[in-house]
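The values are calculated or read from the model by the stated rules, or taken from the named source; none is laboratory data. It should be emphasised that the depicted structure is a prediction, and the values quoted were computed from it without experimental measurement. All Cβ positions, even for glycine, are placed from backbone atoms using ideal geometry, and neighbour counts span all protein chains on display. Just so you know, the surface numbers come from the protein's heavy atoms only, side chains and all, with ligands and any DNA or RNA stripped out. Shrake-Rupley method; radii C 1.70, N 1.55, O 1.52, S 1.80 Å.
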Amino acid sequence: MSSDEDAVSTGRDGLDPREALGIIDQQRRRAATTEPSSALITGAWGAAWLVGYGALWASARDDGTPGVAAAALAIGLGVVAVAATVWHTAHRSRGIRGVSAVEGALYGFAWPVGFTAQGLIVGGIAGAGASPEVVAVAANSIAALVVALLYVAGGALWHERLLYGLGVWIALVAGAAAFAGVPCTYLVMGLAGGGVALVASLVVGLRARRAAAAGAPA
Amino acid sequence: MSDDALDPVIHAQARLRVVATLAALGRGDRIAFPRLQRLLDMTAGNLSTHLRRLEEAEYVSITKTYEGRTPVTYVELTGAGRLAFERYTEQLRALLGGVS
């Protein structure tokens with residue numbers, strides 16, 4: 001379309017209303033690439049949870065204690081998901097400053113704060129003499145609660161229903177997982193948490209793609 | 001409102017694309033010139049020309065600043081620009097008989 005720009009700047013003005021609305025719609029979709037995709041981020045987290053918690057459950061089935069390899073895999077996947085989220089968000093929002101950058105930074109900062117508090121609480125529970133099983137259940141559920149409430153906050157902040165709904169769901173899963181006991185708690189987190197997040201992100205992502213295809217000028 | 005002529009500052013393909021892109025960003029957000037250029041697939045010279053026209057109409061504000069030692073230019077839709085764009089899209093819809 002760039003050849004038309006010169007024509008316009010030299011004074012030709014043959015834009016009809018339908019064409020103009022098409023241009024507005026097209027640029028709105030283009031500008032949407034400056035925002036992180038919540039479908040992509042929740043998809044990455046869903047996959048990390050599904051595989052990570054799946055490994056913890058599989059290795060803890062016999063004696064109730066996850067193996068070192070499974071724990072390392074779960075932690076590694078968590079780190080990869082954090083890195084992917086940070087990279088994706090920074091990549092999408094590069095060159096954008098102002099209100100949403102400040103909101104994003106304040107929101108992003110809440111994640112390490114939440115997980116630091118989670119670590120301290122779990123450490124405190126262990127220090128107070130809790131058994132390894134109590135520590136495992138508390139660590140699991142509190143981490144999920146942190147994620148759940150931050151999803152809810154993000155969903156409210158950006159009017160993202162997927163994020164908000166998933167946050168509500170994960171909060172309930174975190175509560176249910178606390179009653180499941182070790183190692184079932186890992187299975188609940190993996191399937192009901194990670195699995196559902198993955199499926200929801202796929203559905204929302206595909207729907208958005210279909211809407212974009214339908215909205216494109218014929 | 002629909003009887004008025006379409007705003008000539010906005011009703012030109014290239015500037016409409018610029019304004020629509022800026023309006024799609026959050027209120028109070030500004031965008032670096034090179035990023036805006038990429039979202040529009042325009043040459044720097046072409047984009048500058050249209051931005052000057054929009055700035056004269058006070059529809060965009062342009063901030064030149066430094067990040068470290070690199071000069072950066074940020075572009076933002078003003079309140080007046082957002083209002084003009086909203087009125088313009090309403091007029092388009094009215095012209096099409098309320099088809100959204």
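For region A:189-212, check the following and say yes or no: at least one residue is in a loop (DSSP other than H, G, I, E, B), among the charged types (D, E, K, R) and more than 30 Å from A:THR65 (Cβ to Cβ). First the steps, then the outcome.
Our first condition is that a residue be in a loop (DSSP other than H, G, I, E, B); within region A:189-212, this holds for none.
Taking every residue of region A:189-212 in turn, none turns out to be in a loop (DSSP other than H, G, I, E, B), among the charged types (D, E, K, R) and more than 30 Å from A:THR65 (Cβ to Cβ).
For region A:164-177, name all the residues that are open to solvent by less than 20 Å² (accessible area, probe 1.4 Å) and over 10 Å from the mean Cα position of the chain (by Cα).
A:ILE170, A:VAL173, A:ALA174, A:ALA177
Which of the residues belonging to region A:146-163 are within 19 Å of A:MET189 (Cβ to Cβ) and open to solvent by 60 Å² or more (accessible area, probe 1.4 Å)?
A:LEU149
Of the residues that sit in region A:74-103 and are open to solvent by less than 50 Å² (accessible area, probe 1.4 Å), touching a strand residue (DSSP E or B) at 6+ places or on another chain (Cβ under 9 Å) and in a helix (DSSP H, G or I), which one is farthest from B:THR73 (Cα to Cα)?
A:SER100
State the number of residues belonging to region A:47-75 that are touching a residue at least 24 places away in the same chain (Cβ under 8 Å) and not aliphatic (A, V, I, L, M). Give the derivation first.
Kept after step one, since they are touching a residue at least 24 places away in the same chain (Cβ under 8 Å), are these residues of region A:47-75: A:47-54, A:56-57, A:60-61, A:64-66.
Checking the rest, the ones that are also not aliphatic (A, V, I, L, M) come to A:49, A:52-54, A:57, A:61, A:64-66.
Result for region A:47-75: 9.
Considering region A:1-28 alone, what residues qualify as being modelled with pLDDT of 90 or more, closer than 12 Å to B:ARG17 by Cβ and open to solvent by 40 Å² or more (accessible area, probe 1.4 Å)?
A:GLU19, A:ASP25, A:GLN26, A:ARG28
Within the set of pairs 6+ apart or on separate chains, which have a first residue in region B:21-33 that is more than 7 Å from every other protein chain (Cβ to nearest Cβ), a second that is crowded, with 23+ Cβ neighbours inside 10 Å, and C-beta atoms under 6 Å apart?
From region B:21-33, the pairs are B:LEU22/B:LEU77; B:ALA23/B:LEU77.
Tally up the residues in region A:101-115 that are within 21 Å of B:THR63 (Cα to Cα) and in contact (Cβ under 8 Å) with a residue 24 or more places away in the chain, please.
Pass one, region A:101-115, residues within 21 Å of B:THR63 (Cα to Cα): A:101-103.
Filter again for in contact (Cβ under 8 Å) with a residue 24 or more places away in the chain, leaving A:103.
Number satisfying all stated conditions: 1.
Given the condition within 14 Å of another protein chain (Cβ to nearest Cβ) and either open to solvent by less than 60 Å² (accessible area, probe 1.4 Å) or at pLDDT below 90 (or both), answer yes or no: does some residue in region A:48-60 qualify?
No; the residues of region A:48-60 include none that is within 14 Å of another protein chain (Cβ to nearest Cβ) and either open to solvent by less than 60 Å² (accessible area, probe 1.4 Å) or at pLDDT below 90 (or both).
Determine whether B:VAL75 is under 22 Å from A:THR33 (Cα atoms), in contact (Cβ under 8 Å) with a residue 40 or more places away in the chain and open to solvent by less than 30 Å² (accessible area, probe 1.4 Å).
On the way: under 22 Å from A:THR33 (Cα atoms): yes; in contact (Cβ under 8 Å) with a residue 40 or more places away in the chain: yes; open to solvent by less than 30 Å² (accessible area, probe 1.4 Å): yes.
When the stated conditions are applied, B:VAL75 passes them.
Kindly provide the set of residues from region B:57-96 that are over 12 Å from the mean Cα position of the chain (by Cα), more than 10 Å from chain A (Cβ to nearest Cβ) and not basic (Lys, Arg), ordered by number.
Result: B:TYR66, B:GLY68, B:THR70, B:PRO71, B:THR73, B:GLU90.
Being assigned to a helix (DSSP H, G or I) and closer than 18 Å to A:VAL204 by Cα narrows it down to one residue among A:GLY165, A:GLY119, A:GLY124; which is it? Don't jump to the end; show me each part of the working.
On the way: A:GLY119 fails: closer than 18 Å to A:VAL204 by Cα; A:GLY124 fails: closer than 18 Å to A:VAL204 by Cα.
Going through A:GLY165, A:GLY119, A:GLY124 in turn, just one is assigned to a helix (DSSP H, G or I) and closer than 18 Å to A:VAL204 by Cα: A:GLY165.
Looking at A:PRO112, A:PRO66, can you tell me which residue is outside any helix (DSSP H, G or I), open to solvent by less than 80 Å² (accessible area, probe 1.4 Å), more than 14 Å from chain B (Cβ to nearest Cβ) and not aromatic (Phe, Trp, Tyr)? Working first, answer last.
Values: A:PRO112 fails: outside any helix (DSSP H, G or I).
Going through A:PRO112, A:PRO66 in turn, the sole match is A:PRO66.
Please enumerate the residues belonging to region B:34-56 that are in a helix (DSSP H, G or I), within 9 Å of another protein chain (Cβ to nearest Cβ) and open to solvent by less than 50 Å² (accessible area, probe 1.4 Å).
If the condition is that a residue be in a helix (DSSP H, G or I), within 9 Å of another protein chain (Cβ to nearest Cβ) and open to solvent by less than 50 Å² (accessible area, probe 1.4 Å), then B:ARG35, B:LEU36, B:LEU39, B:LEU40, B:ASN46, B:HIS50 are the ones that fit.
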